[in-house]
Each structure stands twice: as C-alpha cells, then as structure tokens.
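Notes for the one structure printed next.
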Amino acid sequence: MLPAPSIASDKPVLLRVRGVGRRYAGVTALADIDVDVRGGEVLAIVGENGAGKSTLLKILSGIVQPSEGELDVADESGQLCPVELHGVREATRAGIALVHQELNLAENLDIAGSIFLGREPSRFGVLDLAAMRRASKSWLALVGLDLDPGTLCGTLPIAQRQLVEIAKALSCEARVLILDEPTSSLSAPEADRLLGIMDELRSRGVAIVFVSHHLEEIMRIADRVIVLRDGRTTGELARGEYDRAAVERLMVGREIVREERRATRAGGAVRLRVEAVVGAHQRRVPVSLEVRAGEIVGLAGLVGAGRTELLEAIAGVTTHGGRVHLDGTQLVGDASKRVRRGLGIVPEDRARNGLFLEDPVSVNMSMAWIGRHCRSRIIDAHGERTLVGRMVARMQLRPTNPARLVQTLSGGNQQKSVIGRWLAVDPGVLLLDEPTRGVDVGARAEIHAEIRRLADAGSAVLFASSELEEVLLLADRIIVMHEGSLMGELAAHEATRVAIMRLATGGMQS
C-alpha cells in the first residue's frame, strides 16, 4: 500500500521529514519516510517490532544520521530551516527531546543531578544544588512523582525511573517531545496520568511523537497515526479515520486473530513451593505460594506492590529469608545455582539484567543451553548452532541473522531473545516479569502461545504483569499483591478487572 499524503491541518509544523532512509551494512532499515510533526498534536507511530520505529526516532533525535533524505526544523518565527542533527545535544538545542524505551539515567547520581546532567545551574562556578532540587521537584510533580530529588536513581524501581526520564525531557523545554514506549513499565493509573500530561502538553502547543504497542492508548490520545511495516510507511490516518482493526491491518498486513483465554488445567504436582520468602520490598512481608505443573499463575498489583521483589527473591537475586522448593528440593544459593537446578527468570529490565548487549543473538539465546550441555568445558558447537537456528525460527526473530549483536535489535526482538533462552531448555519453573513489555500486538500473541506451550509440557509458570488484560488472558490463577503482601487469589473464571483492582488497592476479597 502506498503511503497516504500528509493530512491537511492548520497546526504549525515544527519538524518536517522528507525522503528519509537509513541503511546498515547494505540492509535497509528505513526507506522514503515523509512525516510532518505539528505543534499541539500527538502523532502516534506504530508498527510491529523491527518495522523501523526505533530507527526513525533515533534519526529525529540526532542519535543516528539518515543515509538519505532531509530534516527541517521550525525556528522561533515558525520558518522551516534545513538541519543536520549530529548528536543529542544538537537535537536538544533544536527543541527535540527523546525519552528512550530502554532507560539511561545516570544511576550513580541523584534525581536532580540526572535531570540536569550537562545543564547544571551554577553560582560563581559552584553547582547550585538548591536550585537544581527546587526545579527537579516541580518537574517530578508534573509526572506525578513525590520523591526527594536527592534520591539516588539507581535505587528507584523501573516504573519510577521511567517517569524521571520523562521529567528530564520536559525540563529541557522541548517543543518536540518523543516518547518511545513511555507506558511500558507503568501501571494503569500511572499510564492514565501520563496520557493526561500528554494532553496538557498538547494544549500548550508541544508536538508529541508517541510510540506505543498499547493500541488502546493510541485510540485515546493520538490525533494522527502513521503506520510502519518493514521500514516503510503503509498508511497515515487522522482521528476519526481509524479504529483498532484498521491500524492492525496496516501493521501486519493481515487480520490479527484474537487470543482466547486458556482452558484451565487440572491441578498437577506442586513444582514451585515458596514458604515465607521475604523480598527486598520495603515492608519485608513474608510471602508463601505454590505453582503446580502445567499451571500459569499471574501476579497482579500496582507498581510498588512488590511483584518484582518477590520474583527476584524466588530466583535468588535478592532474598532476606524464607525457603524455595523446586520439585520438593530446596533451592539454595544465588540465582546462578538456582538456574542450574531448573529455574529460569525473565527480568523486567531486559537491557540491564537480562541481556549481554554486546554479544550476538546466538550467545544470548544459547546461554542457558550451554550451561546444561557443556561437558569438560567443551561446547558442542554444532548442537549450539542447531539450537539457535531452531529458536530463532520458533521465536520469529527479525532479522533472522543470529550473528547480529542483540543490542541492534528492536525492543520486542530483544525480549524474544531472552524468553527464547529459557524456552530452549524447558525449565521446571519459569519466572517472567512483564513478559511482553515493549512488544507489539502480533509478537505478544506469539509469546503468549509459547508460554502456554511450555506450561502444557509440564513447566510451572509464574509471571507478573501490569496489564490487567494480559493477566486475565494468560493466567489460570491470579494472585494479587498490595504493599508487599498477598491480598487474595482469584481463579481465572471468577477474575474481573474490578475484583483485581479492589485487591490491588488494599480492599478485601469479596
């Protein structure tokens, strides 16, 4: 399908893209892109993982330069002028700020220092820390965070780090704000808050470029939608011209078959038993639960409820007491020892804790398999190549070259690499923290299908998700957490959004 012509509007164009493309080693990642980014509008860019969204955002924000095409940026009078963005600083000076999907706060700095990094106010050559913290407090308040600006960024959970990143971008007084999957780590209330902030910024004349795999958010907030597939534009639609089905067809070139809730499995033997485990949550509440063979159990709750801390404690990443049993045998020691005993974990922050970013896909996908099949420190190279080829096809990775560095893949394909690592070894217990964060609608269905197949083969699956839709769709049983405690348990047939939210906000189970 040919791209639609740019849709007429009386809103001022702040950033114009014409004929932009990008090639990597002869491979086309983006081709012939035309976009007008207008003040006072939310422009959504959607597409499957690997469609070229991240490449386009990197070009707009100066991280990479286009192989062809040109960019024009409006000056203070509104006149469009050609510009070459050789780096993030130049983009910032042009009024363009990007909030990455993979967060990059300086974790050794406090919040104020990270927000003003490179732009620190000073008096008589000395950093004005008081001014930095006052200003940071106001930007944090805008994104709904009541935090001490002196808090170290490295101590924040991923959802709060995401909001600090957005506050940092807003502090640059950007006229064009680019948000790459900004709600992927947020709970529903926090996502609603962010959409409200976007609406407020739009009313002030800010141009917002918004990338999200949550199409319901696109339907709510976007004035226009541009759809990419295989590096090219397949359509541009204005509000009132699109619905979810139309966007999905442009994304994948086909109708997406809706997932159906999994038939509840009869109870098998207990594979995972957690007894009075205390995670790193500030309340230090002992938690006990069981997951049976063939069962998928979802952990629901708001951000800060303690889901991530519980999964990390079970995996041996951080623990402050309690016992974890796999098939009746107590697991002791750190995460590496528990992995060797048959436990796998897909962390919430894949870039930070789940991937070897400077290694190829093959290394990342075969890591767990090598740990179980290496004999006398000799790797079965043929077996590894066969395994990687099979898993690349099974996970439908794009591009399919296993020699590609995993850091060059889109966020969704990186997530497939982490999950594929564990599916390759059929773990007795698989723990997943936000299993489809930053994953498009088609890839999400594929990941869900693989998780179901793993459970059908007898594994016990325990996953945490901020998306109630995902919890309701995937889980046989739902455990709801609030402030570190288990508030209640719901079978799939009795679970509703209202019932889950009642427990997640501290209410009693009816």
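Descriptive notes on the structure:
- Computed over segment 104-173: relative contact order in percent, which uses C-alpha pairs under 8 Å that are six or more apart: 42
- Per residue, the convex hull spanned by the Cα atoms of segment 104-173 measures out at 79 cubic angstrom.
- Between ARG340 and ASP456, residue separation times 0.36 nm minus the direct Cα-Cα distance comes to 39.6 nm.
- Scanning the chain for GluC sites (Glu not before Pro) that sit in a DSSP loop and have at most 11 other Cβ atoms within 10 Å, the longest stretch containing none of them is 359-510.
- Taking the DSSP beta bridges with both ends in the chain, the antiparallel portion is around 60 percent.
- Legend: ranking of residues MET251, MET508 from fewest to most surrounding C-beta atoms inside 10 Å; resulting order MET508, MET251.
- Dipole axis of segment 86-217 (+1 Lys, Arg; -1 Asp, Glu on Cβ), positive-most option in HIS213, GLN101, TRP139: TRP139
- Straight-distance crosslink candidates among aspartates and glutamates, where the alpha carbon sits under 20 Å from LYS337 and sequence neighbours closer than 8 are dropped: GLU275, GLU309, GLU312, ASP327, ASP426, ASP433
- Against the chain, whose longest principal axis comes from its Cα atoms, helix 411-423 is set at around 10 degrees.
- Sites ALA141 and ASN104 - FRET efficiency at Förster radius 30 Å, r taken between beta-carbons, to 0.05: 0.85
- If R0 is taken as 22 Å, the Cβ-Cβ distance between GLN79 and ASP10 corresponds to a FRET efficiency of 0.80.
- Dividing the helix sum by the residues of the chain, where each DSSP H run of 4 or more adds -39500 (n - 2.57), gives a mean residue ellipticity at 222 nm of -9500 deg cm²/dmol.
- Inter-probe distance in nm under a simple model that places probes 7 Å from Cα toward Cβ, at VAL332 and ARG390: 3.5
- Alpha-carbon centroid distance for the pair segment 298-342 / segment 39-108, whole angstrom: 40
- Length-normalised contact order of the chain in % [C-alpha pairs under 8 Å, at least 6 apart]: 16
- For LYS168, the lysines whose Cα falls under 16 Å of its own Cα, not counting residues fewer than eight places away in the same chain, are LYS137.
- With a simple spin-label model that places each label point 7 Å from the Cα along the Cα-to-Cβ direction, the separation between LEU152 and ASP32 comes to 5.3 nm.
- Segment HIS382-ARG352, length gained on full extension (0.36 nm per residue, minus Cα span): 7.8 nm
- Size of segment 410-510: Rg and Dmax of its alpha carbons, in Å, are 14.3, 43.
- Two-site FRET efficiency, SER122 against ASP243, from Cβ-Cβ distance with R₀ of 51 Å, rounded to 0.05: 0.45
- Here's the picture: charge each Lys and Arg Cβ at +1 and each Asp and Glu Cβ at -1 in the chain, and of SER417, VAL429, SER67 the one pushed furthest to the positive end of that dipole is VAL429.
- Rounded tilt (10° steps) of 441-456 against the dominant C-alpha axis of the chain: 10
- Helix 361-373 vs. the chain, principal-axis angle (Cα, 0 to 90°, nearest 10): 10
- Between THR318 and ALA131, the distance separating the two model label sites (each 7 Å from Cα on the Cα→Cβ line) works out to 3.5 nm.
The numbers here are math on the coordinates, done by the rules we state, and not lab data. Treat the numbers as computed from the prediction; the structure is a model and nothing was measured. Positions of Cβ are backbone-derived with ideal geometry, glycine not excepted, and every protein chain shown enters the neighbour counts.
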